Ligand code: IVH
């Protein structure tokens, strides 16, 4: 065995070599050793670090392969707020933006930098003394999620800055994304495995970044482009954005080289047109051009609004549009029974993708656009979303067919159709095979019961053979029944039964999500579970109370109460419990939060905190915020010039807090 001193030296050498080859490969596109030779260096380093763990630093390239899974993504407060950008698709609005700035800065002409607006996930990377110590998603702009181990796996993110001298602290912002070829490759692999695949590279990147297990992130080849220094200490802040980009490049970041300094707004608008053309051939997705004042001093002079700086504008691309003919109109039935009219089109190429269907959303949309079979229409495809019909195009002298109307019976099960606002729903519920099949697929999916081996084909035959009439019937399946199905042998039948049995032990949020309540995705299901802690409590919650939960609005509340007031749904839920499904409450519920059950009312001008911030602080700690004072109010927070609410509080003997008292309460004293 080597002594510590020589091991340390060798580790240093190996790190340096690997970093150099990473740069050559990922940044300079000029690899100088074979993959095998590279792997050999990495393996040697791994062995040394295993033998001498205290030399295994955070900036070691071995961290690129991922770390053991974490239980959650902890919150990370940004060093500086991550603002967003005002955006427009209109060149005239860009000119108006320029005019405002010229007026404010008293200049005839402003130098801008224009660069692609990358369509990925925005990240903040913090380097302390040159070493990457934290990476966070944008979140709400103030606090994001800590995704450090995941970001360490991204090869184009330097683990250590290479410029000399390094700043003591620097916070860098940029975009993580999946290049198009890798996105297609990932989706191909996923569909081969029977997984649904991602709708677009952006979702795929978000999914990869938010993994608890960074080894999964490491297997999804993300790339990172840096574009902003948000904060720098111990080194001079570059006076212009162009110089900032150069400095980022010196630090070892990858900078996309399509940026341009522009003398005046017209050059930036021209650049937008050039990029719009070049876009189709780029190996990654962009959705516009970011136009920014180049001089930092000018930026400081115009400042920022609460959400976005005054010195920058996103000039986005128009969504891709094309014209084609409607050959037919079909009606699809979704998991929740919603009927969606879909225009079946004469296939047309829209920005490189063949489109043969476009959604008409609902009956109201269809009626407003008055689209009929045989009509000529303009359609659009905006990257991630399903192609949609924008409008009908009048064709002179054309004889049109009659207006299309939504069917009165479900096209799948024949049950009566009911209109609800702009939408139509099949009333067949779980007796509608379209709904049942999709509901079961949803019920068994990864984020829900996660029943391995229950594929789409199996579910289809089970429903067609009437083995399943509801999701609860899954727990009544047995070996004999399964063996009736094509493709099942004893082994596979037993495996499936075992997976079903295992799934009974389920966390409450997954259970709630699995029910397929309209408007209740994984996130909302988690909120409900955390707030109420039990299925019974969720099922009994009145709408007014649901609305008081942060992020839950009237529409979601109505879906939840609607679901649990439906006899058939209650039966299914009971049936699941009878079958031995046991939803486990979250370990920490909202009832354990410090302000659980406390009702707050705000009045007057709150100094030092916005109303919405104050509200979310209360809600985050389990409290409720309402607008009027009653005997049920626990605290009234009075800012300056409080009005009648304050008086009423005094009358009712409700505790009145000053803004300082409130802040120390929510700050945990
Ligand atoms: S500059 C103050 N440059 O677009 C904001 N942003 O809503 C400074 N984005 O999430 C951002 N490409 O992360 C800038 N070249 C680029 C960008 C870019 C993509 C993202 C940004 C933000 C969104 C704007």
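Things to note:
- The set of residues in the stretch 221-241 being farther than 16 Å from residue 121 by Cα and either crowded, with 19+ Cβ neighbours inside 10 Å or in contact with a helix residue (DSSP H, G or I) (Cβ under 8 Å, 6 or more places away or on another chain) (or both) consists of 229, 237, 238, 239, 240, 241.
- Count of the stretch 480-498 residues which are within 36 Å of the chain's Cα centre (by Cα) and crowded, with 17+ Cβ neighbours inside 10 Å: 2
- Test result for residue 141, away from the ligand (no atom under 16 Å from the Cβ), under 20 Å from the mean Cα position of the chain (by Cα), surrounded by 15 or more Cβ atoms within 10 Å (Cβ to Cβ) and part of a loop (DSSP other than H, G, I, E, B): no
- Members of the stretch 407-429 found to be surrounded by 13 or more Cβ atoms within 10 Å (Cβ to Cβ), in a loop (DSSP other than H, G, I, E, B) and in contact with a helix residue (DSSP H, G or I) (Cβ under 9 Å, 6 or more places away or on another chain), listed by number: 410, 411, 412, 413, 415, 422, 428
- Matching entry among 79, 132 (being surrounded by 14 or more Cβ atoms within 10 Å (Cβ to Cβ) and within 16 Å of the ligand (Cβ to nearest atom)): 79
- Output for the stretch 306-352, where each listed residue is out of contact with any strand residue (DSSP E or B) (no Cβ under 8 Å at 6 or more places or on another chain), within 30 Å of residue 277 (Cβ to Cβ) and away from the ligand (no atom under 16 Å from the Cβ): 318, 352
- Residue check for residue 396: part of a loop (DSSP other than H, G, I, E, B) and touching a helix residue (DSSP H, G or I) at 6+ places or on another chain (Cβ under 9 Å): no
- For the condition more than 16 Å from the ligand (Cβ to nearest atom) and at pLDDT 90 or above, residue 161 qualifies.
- In summary, residue 285 fulfils each of the numbered conditions (1) over 28 Å from residue 182 (Cβ atoms); (2) within 12 Å of the ligand (Cβ to nearest atom); (3) surrounded by 14 or more Cβ atoms within 10 Å (Cβ to Cβ); (4) at pLDDT below 95 with the single exception of condition (1).
- Residue list for the stretch 459-479, restricted to those being without any contact (Cβ under 8 Å) to a residue 60 or more places away in the chain, under 31 Å from the mean Cα position of the chain (by Cα) and crowded, with 21+ Cβ neighbours inside 10 Å: 459
- Condition check for residue 294: more than 10 Å from the ligand (Cβ to nearest atom), under 24 Å from residue 141 (Cα atoms) and surrounded by 15 or more Cβ atoms within 10 Å (Cβ to Cβ): yes
- Once the stretch 179-211 is narrowed to residues that are outside any helix (DSSP H, G or I) and out of contact with any helix residue (DSSP H, G or I) (no Cβ under 9 Å at 6 or more places or on another chain), the residue that is nearest to residue 224 (Cα to Cα) is 199.
- Of the listed requirements (1) at pLDDT 95 or above; (2) buried (at least 17 other Cβ atoms within 10 Å of the Cβ), residue 218 misses just one: (1).
The values are calculated or read from the model by the stated rules, or taken from the named source; none is laboratory data. Computed from a prediction, not measured in an experiment: that's the story for all the values here. Here Cβ is always computed from backbone atoms with ideal geometry, including for glycine, and neighbour counts include all displayed protein chains.
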